[in-house]
Each structure stands twice: as structure tokens, then as C-alpha cells.
1. Please state which of the following conditions ARG109 fails to meet, knowing it meets all the rest: (1) touching a Leu at 6+ places or on another chain (Cβ under 7 Å); (2) open to solvent by 50 Å² or more (accessible area, probe 1.4 Å); (3) not polar (S, T, N, Q).
2. Considering only region 1-60, state which residues are β-branched (Val, Ile, Thr) and surrounded by fewer than 17 Cβ atoms within 10 Å (Cβ to Cβ).
3. Going by the structure shown, is PHE135 assigned by the TED database to the domain that holds THR8, open to solvent by less than 40 Å² (accessible area, probe 1.4 Å) and not small (Gly, Ala, Ser)?
4. How do the pairs read when you match residues in region 73-98 that are within 15 Å of GLY150 (Cα to Cα) and open to solvent by less than 40 Å² (accessible area, probe 1.4 Å) with residues anywhere that are β-branched (Val, Ile, Thr) and not in a helix (DSSP H, G or I), using Cβ under 7 Å and keeping only pairs 6 or more apart or on different chains?
5. Among the listed residues TYR151, TYR145, which satisfies the condition of being closer than 30 Å to GLY41 by Cα, open to solvent by 40 Å² or more (accessible area, probe 1.4 Å) and touching a residue at least 40 places away in the same chain (Cβ under 8 Å)?
6. Of these, THR191, THR186, THR195, which one is open to solvent by 60 Å² or more (accessible area, probe 1.4 Å), in contact with a Leu (Cβ under 9 Å, 6 or more places away or on another chain) and at pLDDT below 80?
7. Which members of region 117-156 meet the condition of being farther than 20 Å from PHE104 by Cα, in a helix (DSSP H, G or I) and among the aliphatic types (A, V, I, L, M)?
8. Quick check on region 110-117. Is at least one of its residues under 27 Å from SER26 (Cβ atoms) and touching a helix residue (DSSP H, G or I) at 6+ places or on another chain (Cβ under 8 Å)?
Amino acid sequence: KAFWRSFTLYAAVSPAKQGASGFCYSLMPFINKFYKKDEEGKKAALARSMSYFNTTITCSTFIMGLVASMEKKNSEQEDFDAASINAVKSSLMGPLAGIGDSIFWGVLRVIAAGIAVGLGTAGNPLAPLVFLILFNVPSILVKYYGTFLGYKLGSEYIQKVYASGLMNILTKAASIVGLIMVGGMTASMVTFHSTFELSMKGESVLNLQSMLDQIFIGIVPLGLTLLCYYLLKKKGISITVLIIGVIIFSILMSLLGIA
């Protein structure tokens, strides 16, 4: 069920939480089973699964299986650290995205397209079908078996980690990796470059971008990201209003010649 539901990730992307709703929908069969007699536990599990989720969709089912095994342990053990579930989930998104994008989008897709284009230029009408088969069959197989692999490894892995007392260390490390990933995304996806410059007698005396970089490289994108987070988390402003505000801010900066 989780495997078939995972296909909704392709249509469940939102600006704020990416594929969180698809991830939650995919995990619901597990959650409904594990928390069958615990309504509050079910609500908490559903809330956890609605946290930000973004990775290569082909690799997503491995994380689903692993998270499902952790949810099972959480439903059985009262002393289980529920915060470790999202910590482990976040720590895996970045590495699996790097591996998945490289293999499936960077290699497999290019090879499949190259073969299909060769057939197409030769006049073979089956070229599009060949591309779809060569690309999708390996991807679907990885998604299918990844679900079971993640669940199986997750159960064994959790037992060993708890037995050795390393769960607290793992949770802390996973949280750090997740924060690093979010920080890297902020630095690469949120950009600001000022064009404002003061000149005197044909010579530049003040370059705003250079001044900002001397203070802290990326200080404006970081500040803007933290402001958006504050407005979303603390003030309850909707993502739609926030996006409109950012667009208006960008337009004003352009009209003023600042950025």
C-alpha cells in the first residue's frame, strides 16, 4: 500500500513542505495499524509525517520504510524518543537526493533518452515507449524493493542502536545533518545581489553588495529566510501571502535600483 501510495508524491508538492502530504498519505496504512488503539498517538504520528520532505522520489520509499519501522517501535515502547523519527528522516533526505538525482536523472535518464533518440531518428515509432520502459522499470523496481528494505533494515537497526545506547547521539547527529542540508538549500536557492553603487568623479566609493559580503556573505538571503520562517511559524501567516510579499519586495528592490 505504501508503495502504490508513494506515486502521489509526484502530485503532492507544495512550496512550504514539498512532498509532505504525499509522504503522510503513503505512511497512513502503517500509522493506522500501529496506532489502532491510540488516537492521540495516531494524531502525533500524522503530524510528524507532515513535516518537510524532499528527496529523489525513487529513493523516497526507503525512507518511508525506515520511518514506518520507527513508528512501530514508538507505538510499542513508551520510552521511545519520537523526535528521533523526523531527525533520521531529515538526515537521509539530502544524501539520498544526491545519490538518486545522480543515478536516475543524471545517468539513467540520459542513457534512456540517447537510445530512444537514436531509434527516433531512424524512424522507429516505438522510440518513446523504449524511453519510458528503460527509465521507469528500474526506477519502479528500486521504489518497490526500497520500501521493504527500509522497513527491514530499520527494525534491525533500531534494535541495535537502542541496545548500544546510541539513540541520543544518533538523534543529535541526524538533527545536525538535517540543519546543514536546510542551510545549504538556503544558501543555494535564496539569492540576493545588490546593484546599488555610489560613484564620485567616475570612481566607485560605495558598493552595497561588496559591503554586505564583507559583513557576512549571504546575510540578506539568510535574514529573509529567517524572517519568512518567523512569519510562518510564529505569526501564522499563510504561504500564499508570504510568497506575494516576497514578490512585492523583489519588485520594489528592482524599481529602487537596489537589487
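1. (1)
2. Residues of region 1-60 that are β-branched (Val, Ile, Thr), as a first pass: 8, 13, 31, 55-58.
Passing the criteria: THR8, VAL13.
3. yes
4. MET93/THR55; LEU96/THR55; LEU96/THR56
5. Going through TYR151, TYR145 in turn, just one is closer than 30 Å to GLY41 by Cα, open to solvent by 40 Å² or more (accessible area, probe 1.4 Å) and touching a residue at least 40 places away in the same chain (Cβ under 8 Å): TYR151.
6. Of THR191, THR186, THR195, the one residue that is open to solvent by 60 Å² or more (accessible area, probe 1.4 Å), in contact with a Leu (Cβ under 9 Å, 6 or more places away or on another chain) and at pLDDT below 80 is THR195.
7. LEU119, LEU153
8. Yes, the conditions are met somewhere in region 110-117.
The values are calculated or read from the model by the stated rules, or taken from the named source; none is laboratory data. Keep in mind that this is a model prediction, so the values were computed, not measured. Methodologically, a virtual Cβ is constructed for each residue, glycine included, from the backbone with ideal geometry; neighbour enumeration extends over all protein chains shown. Heavy atoms of the whole protein, side chains included, go into the accessibility calculation; ligands, DNA and RNA do not. Shrake-Rupley method; radii C 1.70, N 1.55, O 1.52, S 1.80 Å.
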